[in-house]
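Notes follow once the structure below has been shown.
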Amino acid sequence: MTTTDTAATSPFLAACRGEKVSHTPVWFMRQAGRSLPEYKEARAGTTMLDACANPELVCEITMQPVRRYGVDAAVFFSDIVVPLRAIGIDVEIVPGTGPVIANPVRTEADLKRLRDLEPDDVPYITEAIGLLRRELGETPLIGFAGAPFTLASYLVEGAPSRNYTHSKTMMRSQPDLWNAIASRLAAIAGQFLRVQVDAGAQAVQLFDSWAGALSESDYRRLALPHSRATLASVAGEVPSIHFGVGTTHLLEAMSEVGTDVMGIDWRTPLSQAAKRLPGRPLQGNLDPTAALADPKPMLAEVDEVLSEAARVPGHIFNLGHGVLPETNPDALKRITDHVHEKTAE
């Protein structure tokens, strides 16, 4: 099935465009793993980044939540640091910690390590998406990349950080170096999106997970231009979504990156976000911990999100961040079915 054919029948893609839909579409960030027993079985004995480089395994893990939940879109199983590893950066995802960089990028000399990403560096991405498009049929596939600030925060810090001391010090003391690093990462992340779209991804999401650590002024000067450059690689070709955590103070600024849809975390009511971003399709934004509650209070919170989204043009139901590992898969199935039934015409 071609992208055009799928676009004609997909509530998810229609919602991304702000069009009328037969029901509110649903997908979950981190839906492709962590809480599913079949995911844990498939991943057994394999590191995260090795799994991301195995096309057959990527296809299987991406399909698992589509089969189990009946969601309206699949999100490609990968990780935002995959393109960094592909260009030779020594990075590992340490369980319980996250991405750890053996040699952080902190000097002019380190810039030489950030070479361009070529399609031949990630042949497994193209192969996996080809497999998925055949498996998915009319269900669209979402590709993704990390935004330059979030990627840089790992590269410069060397590991997940609470205060981003190295990154913020570089921003202030060596802005030219910071911008050079972020510019290189924008090109790398943009090419990563390009590869996915060329292979058949029908939408993309830019994750700036840690942008909320920045003030609006710093975000506008030192992050926004690089995120905009990343999205320019696929601008206008497929629907795009932008998402960050703790970014209530940045919604207007993040909307200037140029995506079609703004992802909203659980801290900001969708009705409030809609007033601040008039006419913009929105994605979100159930608190991930709500999926851990008993069914009655959980579905009451789902209904609250749907009520908040009543005047949003093109609402895509999602969590306000990723699925928590301890989430019962049955809860996500119950949420998906409830949203479909509650919003069906």
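No lab work stands behind these numbers, since they all come straight from the coordinates. Here the structure is a predicted model, which is why all the values come from computation and not from measurement. Glycine gets a Cβ as well: all are built from the backbone with ideal geometry, and neighbour counts include every protein chain shown.
Here r is the Cβ-Cβ distance between Glu38 and Glu127 and R0 is 25 Å; the resulting FRET efficiency, rounded to 0.05, is 0.70.
Computing percent of Cα pairs over 29 Å apart for the structure here picks out one of [x] 47; [y] 35; [z] 41, namely [y].
Of the beta bridges in segment 3-343, as assigned by DSSP with both residues counted there, near 15 percent are antiparallel. Note on Ala109 and Glu135: the extension gain reaches 4.9 nm, defined as 0.36 nm multiplied by sequence separation minus the Cα-Cα distance. Net charge dipole, the chain: roughly 700 debye, given to the nearest 20, about the Cα centre with Cβ charges of +1 for Lys and Arg and -1 for Asp and Glu.
Among Phe76, Phe149, sorting on how many other beta-carbon atoms sit within 10 Å of each Cβ, with the fewest leading, yields Phe76, Phe149. Here is the list for segment 127-224: trypsin sites (Lys or Arg not before Pro) lying in DSSP coil, each with at most 13 other C-beta atoms within 10 angstrom of its C-beta, are Arg162. A cut-off of 5 Å between modelled amide H atoms, ignoring neighbours fewer than 5 places along the same chain, links Phe144 with Gln205. Considering only Ser22, Val257, Tyr219, the residue lying farthest towards the positive end of the dipole of segment 3-343 is Tyr219, judged by Cα position with unit charges set on Cβ. Each stretch of four or more DSSP H residues adds -39500 (n - 2.57); spread over every residue of the chain, this sum gives -13500 deg cm²/dmol at 222 nm. For segment 84-126, the residues whose backbone nitrogen is under 12 Å from a point 7 Å from the Cα of Asp176, taken along Cα to Cβ, are 108. Assuming a strict under-22 Å limit between Cα atoms, what lysine pair count do you get for the chain once near-sequence pairs (fewer than 8 apart, same chain) are dropped? Here the count comes out as 7. When the Cα positions of Gln31, Thr62, Ala44 are compared along the charge dipole of segment 22-91, Gln31 comes out farthest toward the positive end, with charges on each C-beta of Lys, Arg, Asp and Glu. Computed from Cα atoms, the angle from the helix 123-136 axis to the main principal axis of the chain rounds to 0 degrees. Between Glu345 and Arg67, how high is the FRET efficiency from 1/(1 + (r/R0)^6) when r is the Cβ-Cβ distance and R₀ = 30 Å? Nearest 0.05. After rounding, the FRET efficiency stands at 0.70.
Output the 0 to 90 degree angle, nearest 10, between the alpha-carbon long axis of helix 55-69 and the longest principal axis computed from the alpha carbons of the chain. Once rounded, one gets 30 degrees. Residue by residue, segment 96-112 carries 3J(HN,Hα) couplings of x, 10, x, x, 10, 9, 4, 10, x, 9, 9, 9, 4, 4, 5, 4, 5 Hz when phi is fed to the Karplus relation 6.51 cos²θ - 1.76 cosθ + 1.60 (θ = phi - 60°); x denotes Gly or Pro.
Separation of segment 297-330 and segment 152-221, taken as the distance between their Cα centroids, equals 27 angstrom.
Placing dummy labels 7 Å off each Cα toward the beta-carbon, the span from Asp198 to Ala293 is 4.7 nm.
Stretching Glu304 away from Ala159 to a fully extended chain increases their span by 48.6 nm, per 0.36 nm per residue minus the current alpha-carbon distance.
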